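The values are calculated or read from the model by the stated rules, or taken from the named source; none is laboratory data. Source: prediction; values computed, not measured. Here Cβ is always computed from backbone atoms with ideal geometry, including for glycine, and neighbour counts include all displayed protein chains. Accessible surface is based on the protein model in full, side chains and every heavy atom, while ligands, DNA and RNA are left aside. Shrake-Rupley method; radii C 1.70, N 1.55, O 1.52, S 1.80 Å.
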Amino acid sequence: MALRLGDVVPNFTQDSSEGSIDFYSWAGDSWVVLFSHPADFTPVCTTELGTVAKLKPEFDKRNVKVLALSVDTADHHRDWIGDINETQSTNVNYPILADPDRSVSDLYDMIHPNANNTLTVRSVFIVDPNKKLRLTFTYPASTGRNFEEILRVIDSLQLTDSYGVATPADWKDGGDVVVVPSISTEDAQQRFPKGVTVVKPYLRTTPQPNK
Ligand code: BEZ
């Protein structure tokens, strides 16, 4: 069955471009972005993996490890990394899981047979330090993902885990947030000393509490 938000994600041990990875030990106390792509030596994937390498400092700042996956071998990945570094002017600085036996792809339901029988689609899993699944989405092979959006979601998850707030449409770090419905306006005024704006009784905003 497909993984659902809040599920504890399954552990696995699999080879990668940087050697064998036991997922739980490798993740440790970090957040993880696990993302699959259809195949090595393909154009969209090359740009995606280069983009993630350039954004690695942003993931590091947020205590997030990144882990790519496709059904190619570790040797194949290592050859391709040379091309990614050359063409994207970067240095791939995170592992790519090698899943030729599809064990991880099947475990995480990354092969969607009506899209392609053998290759992984563009799945993303954000996993928190308790190994719980906090976000998943799936893009088709023809559409490269927006990794700034993945960072934005991580900012939202980390903020909303710590404060009684949620983030509105198109929120970015530093923007106003909304007070969750379970907090009364009276309590919100105590909790958020920067002020609470009551637009409607159910729609209340406050400046981002940790800024
Ligand atoms: C790509 O990464 O460019 C790609 C991979 C599979 C199908 C279509 C595009």
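Brief remarks follow.
- Every condition in (1) over 15 Å from VAL66 (Cβ atoms); (2) surrounded by 13 or more Cβ atoms within 10 Å (Cβ to Cβ); (3) over 16 Å from the mean Cα position of the chain (by Cα) is met by PRO181 except one, and the failing one is (2).
- Complete set of residues in segment 120-145 that are in contact with a helix residue (DSSP H, G or I) (Cβ under 9 Å, 6 or more places away or on another chain) and in a loop (DSSP other than H, G, I, E, B): THR120, ASP128, PRO129, LYS131, ALA141, SER142, THR143, GLY144, ARG145
- For beta carbons closer than 6 Å, sequence separation of 6+ or different chains, a first residue in segment 46-58 that is in the same structural domain as GLY82 (by TED's automatic domain parsing) and under 21 Å from SER30 (Cβ atoms) and a second that is open to solvent by less than 10 Å² (accessible area, probe 1.4 Å) and part of a helix (DSSP H, G or I), the qualifying pairs are LEU49/ILE84; THR51/PHE147; VAL52/PHE147; LEU55/PHE147; GLU58/LEU151.
- Residue check for THR46: more than 20 Å from ILE111 (Cβ to Cβ), open to solvent by less than 30 Å² (accessible area, probe 1.4 Å), polar (S, T, N, Q) and not in a strand (DSSP E or B): yes
- Of all residues in segment 107-119, those satisfying the criterion of being aliphatic (A, V, I, L, M) and either surrounded by 20 or more Cβ atoms within 10 Å (Cβ to Cβ) or assigned to a loop (DSSP other than H, G, I, E, B) (or both) are MET110, ILE111, ALA115, LEU119.
- Taken over segment 171-202, the criterion of being at positive phi and touching a helix residue (DSSP H, G or I) at 6+ places or on another chain (Cβ under 9 Å) is satisfied by GLY195 alone.
- Scanning segment 38-56 for residues that are within 10 Å of the ligand (Cβ to nearest atom) and of a type in the set (A, V, I, L, M, F, W, C) yields ALA39, PHE41, VAL44, CYS45, LEU49.
- Among residues of segment 140-157 that are open to solvent by 20 Å² or more (accessible area, probe 1.4 Å), those with a Cβ under 6 angstrom from a residue that is in a helix (DSSP H, G or I) and not charged (D, E, K, R), sequence gap 6+ or separate chain, pair up as GLY144/VAL44; GLY144/THR47.
Yes/no per residue for (1) in the same structural domain as ILE111 (by TED's automatic domain parsing); (2) assigned to a loop (DSSP other than H, G, I, E, B); (3) without any contact (Cβ under 8 Å) to a residue 24 or more places away in the chain:
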position: GLY6; (1), (2), (3): no, yes, no
position: TYR24; (1), (2), (3): yes, no, no
position: ASP60; (1), (2), (3): yes, no, yes
position: LYS65; (1), (2), (3): yes, no, no
position: TRP80; (1), (2), (3): yes, no, no
position: ILE84; (1), (2), (3): yes, no, no
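- Checking each residue in segment 180-211 for being outside any loop (DSSP other than H, G, I, E, B) and aliphatic (A, V, I, L, M) picks out ALA188, VAL198, VAL199, LEU203.
- Put simply, of SER30, SER16, SER25, SER36 the only residue that is open to solvent by less than 50 Å² (accessible area, probe 1.4 Å), polar (S, T, N, Q) and farther than 29 Å from GLU86 by Cα is SER30.
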